[in-house]
Amino acid sequence: MGVETLAILLFVCVFVLILYGYPVAFTLSGLSIMYAVCFLDATSLEALPSRFMGVLTNYNLIAVPLFIFMGIMLEKSGLAESLLEIMAMLFGKLNGGLAISVVIVGALLAASTGIVGATVVTMGFISLPTMLKRGYQPELATGVIAASGTLGQIIPPSVVLVLLGSIMNINIGDLFAGALLPGLLLVVAYLIFIVVYTTLQPKMAPRIPEEEYREFLNNGFWKKIIGAFVLPMTLILAVLGSIFLGWATSTEAAAVGALGATLMTVGMGKFRLPILKTVMQETTHLTCMVFVILMGATTFSLVFRELGGDTYLVKLIENSHLSPSMFLFVVMLIIFIAGFFIDFIEIIFIIIPVVVPVFIRYNTDLIWLGILIGVNLQTSFLTPPFGFSLFYLKGVAPPTVTTGHLYRGIVPFVVMQVLMLGLLALFPGIVHWSIALFHLGN
């Protein structure tokens, strides 16, 4: 058996063991080291310490704990609660008004935090009981909340895009700029679906009572709206504006966001030392998880390349005479299917380093490719049986909401995400125009 075949076998074994439930980081590193010891020269792992240090000193990756800190701190600030209350009343006179408000708040939280779990849990805890109480169809209510909570995976600042930029060695600021317009188009698609569906089926999403709406208007209407929107919009402009205007790198903007989220929590009167301790503990936990997996992925990548796996894969694709577009379709299909079973971090660290050399050989635009992968990975949060948004929402849903409601509810939103993926694949100019539009300072 040639070493190239062993490289492919290593990839398959890693994938199978992860599906069996073995820890990702230790599967990647442990199995890779076993292959290196058994099938490679003893000096093949000498470069591993320097690779580790290269990861740990990567300036771009400092943005990961900072964005995580910002997201968790905003969760504790009560921002989501105030936004949801105001938006629900603002659109309450429309059929599906509560659902519309959830989508808009999801987009605002995505641009403020980018943390899916916190967003889904918060919106599910606050909005779902209210929507069900007002007679909303459970499938519509759960689908809207789960899908809106995942917008943070494509709307910057996104941890997914930071990791993709690091793994693919591309500019994170360009990724952020290229993802913003597709993310907003996805929000528009959700809103159009809700409006059309609730117009055809008004009983599935009733309006709020007239007297409740009038009470809202008479009790400091504009003061409430300004108070709910000024702080989050200021934070969004500070983080994304500084990147797009060329005033700060993504890492520097992440530091601005972390400080801004802390000051916002202080301003809303929610800052306490126990809260700061909890935020720091959760940030440390998530950051360590990401970096331990990244260490394992670095080991896997080194051994895979030492075995000649990347060269063999390129030759295999070239000999199969796959066109660049057909290879792109195959990779997107693999990522989509993998999203049913494993986490987005695992997909990024296992699949992406393997296929990127082939795309480079095809002279593919890596920024456009990164946006396609980001949109594709967003579906992994919604696709059963292991869609994490579904788990988060089920954990805070009332007992009357079944798993069947969740699965049926997310179907139209997954379809919209797949259609958006196809649109971006057919029209790369959307990404390029987004970059040109939002990089105003360059």
Of the listed residues (22, 59), the one being closer than 23 Å to residue 240 by Cβ, among the aromatic types (Phe, Trp, Tyr), modelled with pLDDT under 80 and out of contact with any Asp or Glu (no Cβ under 8 Å at 6 or more places or on another chain) is 59
When (1) surrounded by 20 or more Cβ atoms within 10 Å (Cβ to Cβ); (2) modelled with pLDDT under 85; (3) within 20 Å of the chain's Cα centre (by Cα) are applied to residue 283, the one that fails is (2)
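The rows are residues; the columns are (1) part of a helix (DSSP H, G or I); (2) buried (at least 23 other Cβ atoms within 10 Å of the Cβ); (3) on the phi > 0 side of the Ramachandran plot.
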{"residue": "175", "(1), (2), (3)": "yes, yes, no"}
{"residue": "181", "(1), (2), (3)": "yes, no, no"}
{"residue": "184", "(1), (2), (3)": "yes, no, no"}
{"residue": "188", "(1), (2), (3)": "yes, no, no"}
{"residue": "191", "(1), (2), (3)": "yes, no, no"}
{"residue": "196", "(1), (2), (3)": "yes, no, no"}
{"residue": "203", "(1), (2), (3)": "yes, no, no"}
{"residue": "207", "(1), (2), (3)": "no, no, no"}
Selection from region 89-98 of residues among the aliphatic types (A, V, I, L, M) and crowded, with 24+ Cβ neighbours inside 10 Å yields 98
Filtering region 237-275 down to residues that are assigned to a helix (DSSP H, G or I), over 16 Å from residue 62 (Cα atoms) and either in contact (Cβ under 8 Å) with a residue 60 or more places away in the chain or in contact with a His (Cβ under 9 Å, 6 or more places away or on another chain) (or both) yields 240, 244, 260, 261, 262, 264, 265, 275
Taking region 155-173 and keeping residues of a type outside the set (Val, Ile, Thr) and either surrounded by 24 or more Cβ atoms within 10 Å (Cβ to Cβ) or within 18 Å of the chain's Cα centre (by Cα) (or both) leaves 156, 157, 158, 161, 163, 164, 165, 166, 168, 171, 173
- Query: Regarding residue 349, is this residue under 25 Å from the mean Cα position of the chain (by Cα), assigned to a helix (DSSP H, G or I), within 22 Å of residue 51 (Cα to Cα) and in contact (Cβ under 8 Å) with a residue 60 or more places away in the chain?
  - Reply: yes
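For (1) crowded, with 18+ Cβ neighbours inside 10 Å; (2) touching a His at 6+ places or on another chain (Cβ under 8 Å); (3) more than 28 Å from residue 125 (Cβ to Cβ); (4) among the polar types (S, T, N, Q), each residue gets a yes or a no:
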{"position": "57", "(1), (2), (3), (4)": "no, no, yes, yes"}
{"position": "78", "(1), (2), (3), (4)": "no, no, no, no"}
{"position": "100", "(1), (2), (3), (4)": "yes, no, no, no"}
{"position": "105", "(1), (2), (3), (4)": "yes, no, no, no"}
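In region 297-309, which residues are under 15 Å from residue 166 (Cα atoms) and out of contact with any Pro (no Cβ under 6 Å at 6 or more places or on another chain)? Reasoning before the result, please.
Restricting attention to region 297-309, the residues satisfying the condition of being under 15 Å from residue 166 (Cα atoms) are 297-298, 301.
Of everything in region 297-309, those that are under 15 Å from residue 166 (Cα atoms) and out of contact with any Pro (no Cβ under 6 Å at 6 or more places or on another chain) turn out to be 297, 298.
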Exactly one of 99, 141 is touching a Gly at 6+ places or on another chain (Cβ under 8 Å) and over 25 Å from residue 272 (Cα atoms), and that one is 141
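The values are calculated or read from the model by the stated rules, or taken from the named source; none is laboratory data. Since this is a predicted model, take the numbers as computed values, not measurements. Using ideal geometry, Cβ is built from the backbone for each residue, glycine included, and neighbour counts are taken over all protein chains shown.
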